[in-house]
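Remarks on the structure that follows.
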Amino acid sequence: LSIVDLLARVNRAFHGGDPAYEVLPDDPALLPQYLLLLTLATSPDELSRFMRFDQREACISARISNMMSTAERERLIAALEKEAKAIFGRRARVRVTGMPVIELVMMDLIRREQMQNIYSSLLAVFTLVVLAFRSFAAGFGCLLPIALTIVYSFGLMGWAGVPLNAATATMASLATGMGVDYSIHYYRRYLEERRGGLARKEAIVA
């Protein structure tokens with residue numbers, strides 16, 4: 001939807017409502033008159049949705065599906081920008097904006113923040129376990145199942161085509177939060193069984 005649609009409707013109205021005339025008029029001199037009529041007939045806010053008052057900028061709005069994945073939206077935006085350059089050339093500067101672009105920016109932020117959170121949380125877990133058990137081996141031992149779970153979860157999501165979004169990105173945080181408890185409980189019990197006289201394999205089974 002754009003200012004062209006409004007002008008086309010005005011042109012249709014001047015031709016008895018004939019749908020065949022819902023296009024831009026053949027005579028370009030009619031366009032300023034149609035714009036003047038639109039200015040007088042509509043509220044300023046209504047017309048400003050499509051074009052600035054100085055007519056230096058115009059807006060073309062379109063709806064897209066909410067079911068599109070992040071990758072599909074990236075391809076769509078790239079295709080729109082390429083098509084716009086082909087249509088308008090160098091005479092105009094075209095910029096794609098709106099919720100799809102905002103969501104892509106948010107996803108980029110989530111990805112970056114997620115990686116930083118994963119690294120910092122794993123480092124924090126390693127440090128706390130090393131301090132608690134006074135052993136670097138314990139730190140690595142408790143960290144390994146958590147790291148494997150995160151890699152497996154995101155790998156499975158990628159293989160199954162599950163998109164990375166604000167909801168699915170929390171998987172690593174959940175895995176770390178729950179995994180550290182199980183790792184510490186398991187390792188503490190393992191140490192107790194070893195102190196009780198069991199061999200390494202028997203202590204692991206117990």
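The values are calculated or read from the model by the stated rules, or taken from the named source; none is laboratory data. Quick caveat, the model's predicted, so the values are computed rather than measured. Note: ideal-geometry Cβ built from the backbone for every residue, glycine included; neighbour counts use all protein chains shown. For the accessible areas, the whole protein counts, side chains as well, though only heavy atoms, and no ligand, DNA or RNA atoms are used. Shrake-Rupley method; radii C 1.70, N 1.55, O 1.52, S 1.80 Å.
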* **Which numbered condition Gln33 fails, given (1) touching a helix residue (DSSP H, G or I) at 6+ places or on another chain (Cβ under 6 Å); (2) more than 28 Å from Met99 (Cα to Cα); (3) assigned to a helix (DSSP H, G or I)** => (1)
* Residues of segment 143-181 satisfying the condition of being outside any loop (DSSP other than H, G, I, E, B) and surrounded by fewer than 13 Cβ atoms within 10 Å (Cβ to Cβ) -> Leu144, Leu148, Val151, Tyr152, Gly155, Leu156, Gly158, Trp159, Ala160, Leu174, Met178, Asp181
* Asked: Can you name the condition, by its number, that Val96 falls short on among (1) in a helix (DSSP H, G or I); (2) farther than 24 Å from Gly158 by Cα; (3) not small (Gly, Ala, Ser)?
  -> (1)
* Which of the residues spanning segment 15-71 are aromatic (Phe, Trp, Tyr) and either loosely packed, with under 10 Cβ neighbours inside 10 Å or within 38 Å of the chain's Cα centre (by Cα) (or both)? -> Phe50, Phe53
* Residues satisfying the stated conditions in segment 77-111, i.e. loosely packed, with under 10 Cβ neighbours inside 10 Å and small (Gly, Ala, Ser) -> Ala86, Gly89
* Asked: Can Gln114 be described as closer than 21 Å to Val151 by Cα and either open to solvent by less than 40 Å² (accessible area, probe 1.4 Å) or over 27 Å from the mean Cα position of the chain (by Cα) (or both)?
  -> yes
* Asked: In segment 1-14, what residues are more than 14 Å from Ala41 (Cα to Cα) and open to solvent by 80 Å² or more (accessible area, probe 1.4 Å)?
  -> Leu1, Phe14
* Picking from Phe140, Phe133, Phe126, which residue would you name as being of a type in the set (Phe, Trp, Tyr) and touching a residue at least 24 places away in the same chain (Cβ under 8 Å)? -> Phe133
